[in-house]
Every structure is written in C-alpha cells, then in structure tokens.
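S.K.: What follows is a structure written as structure tokens; I'll ask about it next.
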Amino acid sequence: MLDIRWIRENPDILAKALMKRGQSQASAESTVSDLIQKDEDRRAHLGELQVKQERRNAASKEIGNAMRAGDSARAEELQAEVRGIKEFIQNGEARERELDKALNDALAVIPNIPLDDVPVGKDEHDNVKVREWGTELITERQPRMGNKPKEHFEIGEALGLMDFERAAKLSGSRFTVVRGKLARLERALGQFMLDLHTNEHGYEEVQPPLLVKDEAMFGTGQLPKFKEDLFATGISVPLRERLLNAMIAGTVSVSDIERLLGFQVDKRTFNEILDFELTQQPDRREFYLIPTAEVPLTNLVREEILDAKTLPRRMTALTPCFRSEAGSAGRDTRGMLRQHQFNKVELVSITDAETADAEHERMTGCAEEVLKRLGLPFRTMLLCTGDMGFGSRKTYDIEVWLPGQNAYREISSCSVCGDFQARRMEARYRPEGEKQTRFVHTLNGSGVAVGRALIAVIENYQNEDGSVTIPEVLRPYMGGMEKIERA
C-alpha cells in the first residue's frame, strides 16, 4: 500500500506510474484525483471533529464558571450546547470510520510504483533479457532426444508414471497424479532446493500454515484485488452472521432456517443455536489456501517492530500452492505446467531500504543457482511495467528451456516490493540508535517451482527411447538411481 502523504505531495508521479502500468492518462488522473478527494474529505472531517471537541472542553469549563456565578440560564444553555456537540461527535466518529474505510479501500487496489530502471511496456513481449545460461547444452543434448523432443506429459504417460485421467476423476482439470520414480524425483527436487538454500545461501527453513486468514492475504497484496484467483475454504462466517445478513436482506424466512437446520425451530431453540455459534465456535471464519508460501512467510513479521541488527531475515519453505488460475482459461491445458495445486520452494527476505536492491540481485542469483546445479538452460528477464506483479517495484523472471515446447517458460519470479507490503502488514524495524521506526522492505522469489523443475528435468534429460536420465546432483536423493525407465 502506498503512503497517502506521499500521494498528496506527489500526485503527478503516481499518475505517471499508473500510466506506465497500463492505465490511460484520463484513468490515471481520475484515480489520483479520487484518492486525493477522499483524503481531503477525511482530513476536513477530522478537523471539524477536533474543533467540536475543543469547543466541548471549553463549554464544559464555562458551565462550571456559570454555575459558580449563579447564572443557571447560561449553564443550561451551555449544557444544551454540549449535548448537541456530544451527539455530533458520536455521529462524527461513525462518519470518520466510513471515510477511513473509503480511503483505505481505494488505496488497497493501487499497485506499487515501478523503479526507474524498469522498462516501460504492455506485456511479456516488452520484457528485457538480462542474461542467459546453458545455451550450449541445448545443442549438445539434441542428438539423444531424437528428431522431435517430446513434451513432459507424453514422456510421463508413456512411462506410466503421470496420470491426468484419474486426476480428473478425483478433482477435475488442472490436476495430476504423479507416481513411482517420478514422484520420488519431484520429492528429490524439493529436498535438493531446500538443502541448497539453507546450507549454502543462508535461508532459514520454515514450515508455515497452508490456511491463512484474509488479513494475511491482504498483507501481501492478494486481497482484495485478486480474490478470484484464490481458493477459499468452506468454513465461511458464523451461522448467526449469515442468518442475520439474510434476514436484513429479506432473503430468508423461518421456514428457510428450518430447512437449513433440518428441524422445526421455536424462538428459544433458535437463540440457543445462535448462542452456541458465538460462544463455542467464535473463530469459525473463511480461510484461504495459500497461493504461495510468500503469504505466510512474509506475514511472520506483521504488526512487529524488528531490531535492525536482525536484518536481513531470510526464510525458505517448500509447500503445496493453490491457485484457481481464473485468468488463464484455455492456456496450458495439457500437462502439468499450469495447475491448481503444485509444489514450490519459496524465498522471502525482510530487510531495509538501503540493502533491498542488493538483496534482490542476491535472491535472483540463489534461484538461478538451482537451475545451474541441475544443468537446466535458462534466461533471466527483467519484466516491463505492464507485466510485473501488483505489489512489485521490480521483478526478474527466470525462464527455463523446455525442448518439448521449443521455448523458454517461467520457473521463478523474484520481486522487490519496497515497503508496499510492510505498510499493509504494519511491519517495522528500529534503526540502531534511532527512536523512530521505519517500515521494512520485503522481497520474495521462487527458488524454484518444483513442479516446473520436474517438467524441465523430464524434457531436458529425455532420451530417444523414452527414458529420463537423472541429473547427477539429484542421484544421492534417488538412492543412486541414474535413469528412469518404464518398468
């Protein structure tokens, strides 16, 4: 979230940043104007409240003076004034909450400001290649793959170790059942990545919850803007709230409630049920399945003040991730490239403004090292303003070579977010020797997507006979196995 004080002082900079991200000039200027108007309305109201409060305090003193002077008429007049002010303040506090909410809701959907060195562009075609690695391996491996390298799902199905049909019976499209040696290979990939990041790159391994509250999703920017991309649990809001909302809306009757509960309801029974919902199940609410471990890892510092000496904090986690892929209908429907459920090793850093950019380069290098150790050709792309994420100031995408597609595909995305997420989480640090706190700077990156690494290994290490050679670095995790063949 951006600082409204900064927006107030730099409206033109924000408008230009929104235009870089794809908004028209009229839309960008309208957005900024709306924010400033909401801020002015709120500040004006707060000013009026303060004046009223000051007048109430003064009038209260005047009442005492009038009573001591025996001027009961003046005292009654002032008391009536105080009662009116008190009512205004009570109503004004409710209005203050409304104005706060309106401003915060508007700020919550404003994207981060791109750094100056981020290229301006519309989509992935305007991204800029920073470097590439392993291009010679593409040519070297071509002869053993045959004339036309196969895609991962062709190889996996032929080995009898990748099953999309049964996965669809269980869960629908965009799910996969991986079996046997391929399942072990995926597990080996995740273990290898964790060992590399914890033993050599200085990240602390964390096992976070997979279900999080909406506050956590808001903190890292998934809510409210990207709610349709998330999977929510069915634990929803308490029964009392659902029923009361339905009653207010006029969409539920007693008979509807009886059908919901499955038995006839009198007033006493109804109240007992609602009281049970409140007293025995107060924490029942909607939870979200994490789309990435970035969410729980970053939120570990929410609402905290960190000691500057503890920065940077580097964390990593291997977790399942869940995404609805709402905006990708018709894309990558074959195979396991774009799944509703997948495994990923995530990297998160919590640091300060002075070291954030260097930490971004370091994190990207850690993700690249995974692919180098696996012998997977890749290129690193600097994303343009129109292609980078909502909360990012600058993003590198690492794209791995997939011979079956004859294309590079994203396998990691490493972003520096500045204090954008920290403002949403109220995460701060106190610099050494200073009394004032500052917002931390946050970074996140894939280190890397395990499912996509499995795809890349299958395709890059495929042999013409349908077998898959296991990269040397993974063989200790595979019990010394060198090749996966059909049984």
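S.K.: Ranked by accessible surface with a 1.4 Å probe, highest first, in what order do T292, T437, T333 come?
M.R.: Greatest to least solvent exposure: T333, T437, T292.
S.K.: Mind listing the long-range amide H neighbours of I470? Cut-off is under 5 Å, sequence gap 5 or more, other chains count too, H placed in the peptide plane at 1.01 Å from N.
M.R.: K483, I484
S.K.: Relative contact order of region 349-487: what whole-number percent is it, with Cα pairs under 8 angstrom and at least 6 residues apart?
M.R.: 24
S.K.: Need one value: the accessible area of E157 in square angstrom, 1.4 angstrom probe, rounded to the nearest 10.
M.R.: Looks like 90 Å² after rounding.
S.K.: I need the P(r) histogram for region 342-487: all alpha carbon pairs, bin width 10 Å from 0 out to the longest distance, whole percents.
M.R.: Distribution as computed: 11, 33, 28, 16, 9, 3, 0 percent.
S.K.: Charges on Cβ only, +1 for Lys and Arg, -1 for Asp and Glu, centred on the Cα centroid of region 33-102; of A80, L99, N65, which one is farthest towards the dipole's positive end?
M.R.: Farthest towards the positive pole: N65.
S.K.: Normalising by the residue count of the chain, find the relative contact order in percent from Cα pairs under 8 Å and 6+ residues apart.
M.R.: 21
S.K.: Can you tally the net charge around E485? Count Lys and Arg as +1, Asp and Glu as -1, for every other residue whose Cβ sits under 13 Å from the Cβ of E485.
M.R.: Result for the local shell: 0.
S.K.: Tell me which of G375, I4, F322 sits at the most positive position along the dipole axis of the chain, charges placed on C-beta atoms (Lys, Arg +1; Asp, Glu -1).
M.R.: F322
S.K.: Enter the Cα centre distance for the pair region 427-442 and region 167-226, rounded to the nearest angstrom.
M.R.: 31
S.K.: Something else about it: Only helical DSSP H runs with n ≥ 4 go in: add -39500 (n - 2.57) per run for the chain, normalise by residue count and round the 222 nm mean residue ellipticity to 500 deg cm²/dmol.
M.R.: -15000 deg cm²/dmol
S.K.: Placing +1 at every Lys and Arg Cβ and -1 at every Asp and Glu Cβ, with all other atoms neutral, what dipole size does region 338-487 have around its Cα centre, in debye to the nearest 20?
M.R.: The calculation lands at about 400 debye.
S.K.: Tell me the label-point distance for the pair E81, R166, using the 7 Å Cα-to-Cβ offset, in nm and rounded to one decimal.
M.R.: It works out to 8.3 nm between the two label points.
S.K.: At a probe radius of 1.4 Å, what is the per-residue accessible area of M336, in Å² to the nearest 10?
M.R.: Approximately 20 Å² for this residue.
S.K.: Could you give the size of the charge dipole of region 383-448 about its Cα centre, using +1 on the Cβ of each K and R and -1 on the Cβ of each D and E, expressed in debye and rounded to the nearest 20?
M.R.: I would put it at about 340 debye.
S.K.: May I pose another question? At 1.4 Å probe size, what's the solvent-accessible area of V120? Round to the nearest 10 Å².
M.R.: Answer for V120: close to 100 Å² accessible.
S.K.: Turning to a different aspect of this structure: How would R43, R187 rank on accessible area, largest to smallest, probe 1.4 Å?
M.R.: Reading off the accessible areas and sorting them downward yields R187, R43.
S.K.: Tally the DSSP beta bridges in the chain and give the antiparallel ones as a percent, rounded to 5.
M.R.: The antiparallel proportion sits near 90 percent.
S.K.: Among Q207, H197, M217, which residue has its Cα positioned farthest towards the positive end of the charge dipole of region 162-227, with +1 placed on the Cβ of Lys and Arg, -1 on the Cβ of Asp and Glu, and the dipole taken about the Cα centre?
M.R.: M217
S.K.: Could you tell me the relative contact order of region 40-168? Use alpha-carbon pairs under 8 Å, at least six residues apart, and round to a whole percent.
M.R.: 18
S.K.: Turning to a different aspect of this structure: For the chain, return all DSSP H helices satisfying: extent of Cα atoms along own axis at least 20 Å; mean Kyte-Doolittle hydropathy at least -0.5.
M.R.: Going by DSSP H runs, the hits are 180-199.
S.K.: Would you work out if region 1-130 is rounded, prolate or oblate? Take a ≥ b ≥ c from the square roots of the eigenvalues of the alpha-carbon gyration tensor; rounded if a/c is under 1.5, else prolate when a/b is larger than b/c, oblate otherwise.
M.R.: prolate
S.K.: Here's another thing I want to ask about it. Quick check: with the 1.4 Å probe, what order do F226, F390 take by accessible area, largest first?
M.R.: From most accessible down to least: F226, F390.
S.K.: Dipole size in debye (nearest 20) for the chain around its Cα centre, Lys and Arg Cβ +1, Asp and Glu Cβ -1?
M.R.: In debye, rounded to 20, the chain gives about 620.
S.K.: Rounded to two decimals, what ratio of Rg to Rh does region 83-145 give with C-alpha atoms and a Kirkwood Rh?
M.R.: 1.54
S.K.: Which links in K227/K309; K181/K372; K52/K101; K181/K344; K16/K225 stretch past 25 Å when you go from one Cα to the other?
M.R.: K227/K309
The values are calculated or read from the model by the stated rules, or taken from the named source; none is laboratory data. Owing to the predicted nature of the structure, the values given are computational and were not obtained by experimental measurement. Positions of Cβ are backbone-derived with ideal geometry, glycine not excepted, and every protein chain shown enters the neighbour counts. Heavy atoms of the whole protein, side chains included, go into the accessibility calculation; ligands, DNA and RNA do not. Shrake-Rupley method; radii C 1.70, N 1.55, O 1.52, S 1.80 Å.
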